[in-house]
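**Student:** A single structure is presented below for examination.
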Amino acid sequence: MKNELGLIHCYTGDGKGKTTAALGLVLRALGHHFKVGVVQFLKGVSYYGELFFLEKLYPDVKFFHFGVDCPKSSAIRQGYDKCDLCGICFVDFKNPDEIHLKYVRDAWEKAKELSKEVDILILDEINLVLRHNMLPMEEFMEFIKNKPEHLELILTGRDAPEEVIKVSDYVTEMKEIKHPYEKGIIARRGIEY
């Protein structure tokens, strides 16, 4: 029942799978006819296969992406090119560009708006945004305090601040033990994106 919702999940850690776990929850929720919203902080539309799949198959899911897009995303998505780690779509957390800060504000406004429309809301990469003070923690905590009672909230991203961990009902840490990039294997289409 929808009135059983209202808890907060946090997927954090240095390992792979935080966004993937959150999107798995989206699939489960859709199977039970919940309204779902996804706001991605620090990510452009780019070439994430799971998002293209969900957007095409489930147009009722409200997806919003706020970040600098990869200039090669179309070619990468089609398998004609690979990420060369140029860094154009990356955020320098020590000195974020004005455009990244604007996208964070826009994403935050969209998240607050969506929180009144959906049963389950994913704030992808919010942990990094908060950790690097791109959004004031006080403002985020005020949102948590006043969120709709039955809104299930999923927070993702590495380095979850202690405040986020404290207010969360579920906290899962993805821990990297071994990863192919240690052997020089870069992110692969259909696996990492």
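**Student:** Taking the condition of a type in the set (Lys, Arg) and farther than 24 Å from Leu27 by Cα, does Lys110 pass? Give the steps one after another, and end with the answer.
**Tutor:** Working: of a type in the set (Lys, Arg): yes; farther than 24 Å from Leu27 by Cα: no.
So Lys110 fails the test.
**Student:** Of the residues Lys94, Lys110, which is touching a residue at least 60 places away in the same chain (Cβ under 8 Å) and over 15 Å from Asp14 (Cα atoms)?
**Tutor:** On the way: Lys94 fails: touching a residue at least 60 places away in the same chain (Cβ under 8 Å).
From the options Lys94, Lys110, the qualifying one is Lys110.
**Student:** Pick out the one residue from Leu25, Leu114, Leu51, Leu30 that is surrounded by 14 or more Cβ atoms within 10 Å (Cβ to Cβ) and either among the basic types (Lys, Arg) or modelled with pLDDT under 75 (or both). Please lay out each step first, then the result.
**Tutor:** On the way: Leu25 fails: either among the basic types (Lys, Arg) or modelled with pLDDT under 75 (or both); Leu114 fails: either among the basic types (Lys, Arg) or modelled with pLDDT under 75 (or both); Leu30 fails: either among the basic types (Lys, Arg) or modelled with pLDDT under 75 (or both).
Leu51 is the lone residue from the list that is surrounded by 14 or more Cβ atoms within 10 Å (Cβ to Cβ) and either among the basic types (Lys, Arg) or modelled with pLDDT under 75 (or both).
**Student:** Give the residues of region 113-126 that are without any contact (Cβ under 8 Å) to a residue 40 or more places away in the chain and part of a helix (DSSP H, G or I), sorted by residue number.
**Tutor:** Glu113
**Student:** Something else about it: Limited to region 127-173, what total is found for residues that are within 23 Å of Ala29 (Cα to Cα), part of a loop (DSSP other than H, G, I, E, B) and of a type in the set (A, V, I, L, M, F, W, C)?
**Tutor:** 1
**Student:** For Met141, work out the one condition from (1) of a type outside the set (Phe, Trp, Tyr); (2) touching a Pro at 6+ places or on another chain (Cβ under 9 Å); (3) surrounded by 15 or more Cβ atoms within 10 Å (Cβ to Cβ); (4) over 22 Å from Thr20 (Cα atoms) it doesn't fulfil.
**Tutor:** Condition not satisfied by Met141: (2).
**Student:** Consider only pairs whose beta carbons are under 6 Å apart and that are at least six residues apart or on different chains; among these, list those whose first residue lies in region 169-183 and is at pLDDT 95 or above and whose second residue is hydroxyl-bearing (Ser, Thr, Tyr) and part of a strand (DSSP E or B).
**Tutor:** Pairs that qualify, where the first residue is at pLDDT 95 or above and the partner is hydroxyl-bearing (Ser, Thr, Tyr) and part of a strand (DSSP E or B), are Thr172/Tyr11; Glu173/Thr12.
The values are calculated or read from the model by the stated rules, or taken from the named source; none is laboratory data. All figures in this text were calculated on a predicted structure; none of them were measured in a lab. Cβ atoms come from the backbone with ideal geometry, glycine included; neighbour counts cover every protein chain shown.
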